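To start, the structure itself, in structure tokens.
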Amino acid sequence: ITDASWNLLAHNQPFADLFPGARIPRNTMRWMLLDPDGRDILLQWQTVWAPLVLPQLRAALAVRPEDETLLQIAKEVAADPLLAPIWEAGGAHIHPDGDERPIHHALHGPGHVTLCAAQPLTAPGARLIILIYHPGETKKHTRVPVLRARDL
């Protein structure tokens, strides 16, 4: 669970197990984008993770333009030689719900996670993201199709 600035508020042990030495990031946005460990753990970081995470940062800033944490992350992103071109190109992928992304689990090795995202109604800006890890061969980045009422 993170707050509107992507600061980690709560997690469980399986989440901690994703990280080498259970070194859990304090801010998941900063970790996904700027931390060297994040770039190693998030497989295909430059082509799959960064282009899908940066629009989430942009969307968070649109809602909270005075947020010092988000502004600092954006400043660091703009100065990063790998992220700056992706940041400048823009993007419209503003939430990860249903995504499958490749990852290197600290305990279980390469695989992918399915992301299930929700925003608690009584905590504006907070988000709950459940990562379901699947070991083995990494899947190609896919997005689960949206279920529509007519499909039921």
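The values are calculated or read from the model by the stated rules, or taken from the named source; none is laboratory data. These figures come from a predicted structure and were not determined experimentally. Neighbour counts are summed over all protein chains in view; Cβ atoms, including those assigned to glycine, are modelled from backbone coordinates with ideal geometry. Note: areas computed on protein heavy atoms with side chains; ligands, DNA, RNA excluded. Shrake-Rupley method; radii C 1.70, N 1.55, O 1.52, S 1.80 Å.
Answer with one residue from LEU18, TYR133, GLN46: the one whose Cα lies farthest towards the positive end of the charge dipole of the chain, charges on Cβ with Lys, Arg +1 and Asp, Glu -1.
Result: TYR133.
With +1 on each Lys and Arg Cβ and -1 on each Asp and Glu Cβ, and nothing else charged, work out how big the dipole of the stretch 1-139 is about its Cα centre, in Debye to the nearest 20. Let's see the in-between values first.
Numbers: 10 positive and 15 negative charges, 18 e Å.
The dipole magnitude comes to about 80 debye.
Multiply the residue separation of LEU107 and GLN44 by 0.36 nm, subtract the distance between their alpha-carbon atoms, and state the gained length in nm to one decimal.
Working: separation 63, 0.36 × 63 = 22.68 nm, distance 1.88 nm.
So the extension gain works out to 20.8 nm.
What are the GluC sites (Glu not before Pro) within the stretch 4-96 that DSSP puts in a loop, where the Cβ has at most 12 other Cβ atoms within 10 Å?
Numbers: sites: GLU66, GLU68, GLU76, GLU88; in loops: GLU66.
Sparse-neighbourhood loop GluC sites (Glu not before Pro): GLU66.
Given R₀ = 30 Å, what would the calculated FRET efficiency be for ALA79 paired with ALA10, taking r from the Cβ atoms and rounding to 0.05?
0.45
With the other protein chains left in place, how much accessible area per residue, in square angstrom, belongs to the chain at a 1.4 angstrom probe?
Values: 8710 Å² over 152 residues.
The answer is 57 Å² per residue.
Hey, what number do you get for the chain at 222 nm if only DSSP H runs of n ≥ 4 count, each worth -39500 (n - 2.57), divided across all residues, to the nearest 500? Mind showing how you got there, number by number?
Working: 6 runs with 50 residues, N = 152.
One gets -9000 deg cm²/dmol as the mean residue ellipticity at 222 nm.
If I model a spin label as a point 7 Å beyond the Cα along the Cα-Cβ vector, how far apart are those points for ALA123 and ARG23 in nm?
2.6 nm
Among residues other than ARG23 whose Cβ falls under 13 Å from its Cβ, what is the net charge (Lys/Arg +1, Asp/Glu -1)?
Details: positive: ARG26; negative: ASP17, ASP35, ASP37, ASP40.
So the environment of ARG23 carries a net charge of -3.
Compute the semi-axes of the equivalent ellipsoid of the stretch 1-99, taking the square root of 5 times each eigenvalue of the Cα gyration tensor, and list them largest first in whole Å. Don't skip to the end; give the middle numbers.
On the way: eigenvalues 86, 52, 33 Å².
Gyration-tensor ellipsoid for the stretch 1-99: 21, 16, 13 Å.
Looking only at trypsin sites (Lys or Arg not before Pro) in DSSP loops with at most 15 other Cβ atoms within 10 Å, what is the longest site-free stretch of the chain? Write out the running numbers ahead of the final one.
Numbers: sites that count: ARG23, ARG26, LYS139, LYS140, ARG148.
Here the longest segment lacking exposed loop sites spans 27-138.
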